[in-house]
Amino acid sequence: MHESEPISWSSISGLTDRERELGRFMFGDVDLRGIALVGVTVNGQQLPDIVHGQVQRSERRAS
């Protein structure tokens, strides 16, 4: 992906289809390059952290 193109819920790599759906539901069609989403839970499901358009999966997840 070219660096000047926005990173959207559809184009970011490392998310499941359900995580993409929840992200779009909560945050709409935002450019994920310049934001940090950390510790976000949507409808009881924890989204992985997203920092500057990169998915940051933690090794330890609450069960």
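The values are calculated or read from the model by the stated rules, or taken from the named source; none is laboratory data. None of the values given here were measured: they were computed from a predicted structure. Note: ideal-geometry Cβ built from the backbone for every residue, glycine included; neighbour counts use all protein chains shown. Surface areas here come from the heavy atoms of the whole protein model, side chains and all, with no ligands, DNA or RNA. Shrake-Rupley method; radii C 1.70, N 1.55, O 1.52, S 1.80 Å.
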* Asked: Scanning for something assigned to a loop (DSSP other than H, G, I, E, B), loosely packed, with under 11 Cβ neighbours inside 10 Å and in contact (Cβ under 8 Å) with a residue 40 or more places away in the chain, does segment 34-54 turn up at least one residue?
  -> no
* Could you run through segment 27-44 and say how many residues are in contact with a strand residue (DSSP E or B) (Cβ under 8 Å, 6 or more places away or on another chain) and farther than 24 Å from Ser4 by Cα? => 2
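Name the one entry in Ser63, Ser13, Ser4 that is at pLDDT 90 or above, assigned to a loop (DSSP other than H, G, I, E, B), of a type outside the set (D, E, K, R) and open to solvent by 60 Å² or more (accessible area, probe 1.4 Å). Show your work before the answer.
On the way: Ser63 fails: at pLDDT 90 or above; Ser4 fails: at pLDDT 90 or above.
Answer to the selection: Ser13.
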